[in-house]
Amino acid sequence: RVIRSEAQWRAAWTEIGQNAPAAPDFRTQFAVAVFLGQRSTGGYQVRWIEPESSGTATIVRYQEIKPQGMAIQVLTQPYAIKVFQLEKADIRVEAAD
């Protein structure tokens, strides 16, 4: 999810049940929130890949990192939110292989 406003920023943090930290300056920055959904164990993570420019778009990629070895057996809902510098108006978010 691309976050371009303070209202969207607050809504994303509310969705995960936390108080929102200070919002970035959305004139020069944007944020991306990745929600991996429900998983049956702990140990899942989001790894960010450096954004790339492609034509008129900024492409933000991420990888889902799966647990290695033993992991706690509990339902989790992994997520990550990261702020990036705004370079191009069109922003695409893609899962990387």
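The values are calculated or read from the model by the stated rules, or taken from the named source; none is laboratory data. Given the structure is predicted, the values throughout are model-derived calculations rather than measurements. Cβ atoms come from the backbone with ideal geometry, glycine included; neighbour counts cover every protein chain shown. Just so you know, the surface numbers come from the protein's heavy atoms only, side chains and all, with ligands and any DNA or RNA stripped out. Shrake-Rupley method; radii C 1.70, N 1.55, O 1.52, S 1.80 Å.
Filtering region 2-17 to residues that are in a loop (DSSP other than H, G, I, E, B), open to solvent by 50 Å² or more (accessible area, probe 1.4 Å) and modelled with pLDDT of 95 or more leaves only R4. Checking each residue in region 23-48 for being within 19 Å of E87 (Cβ to Cβ) and open to solvent by 60 Å² or more (accessible area, probe 1.4 Å) picks out R27, T28.
Listed by first and then second residue, the pairs with beta-carbon distance under 7 Å, at least 6 apart or on different chains, first residue in region 78-97 and farther than 28 Å from G42 by Cα, second open to solvent by 60 Å² or more (accessible area, probe 1.4 Å), are Q85/T28; L86/T28; E87/S53; K88/S53; K88/T56; D90/T56. In region 41-59 there is no residue matching the filter, namely being of a type in the set (D, E), at pLDDT 95 or above and either in a strand (DSSP E or B) or on the phi < 0 side of the Ramachandran plot (or both). Only a single criterion out of (1) assigned to a strand (DSSP E or B); (2) surrounded by 12 or more Cβ atoms within 10 Å (Cβ to Cβ); (3) touching a Lys or Arg at 6+ places or on another chain (Cβ under 6 Å) is not satisfied by A20, namely (1).
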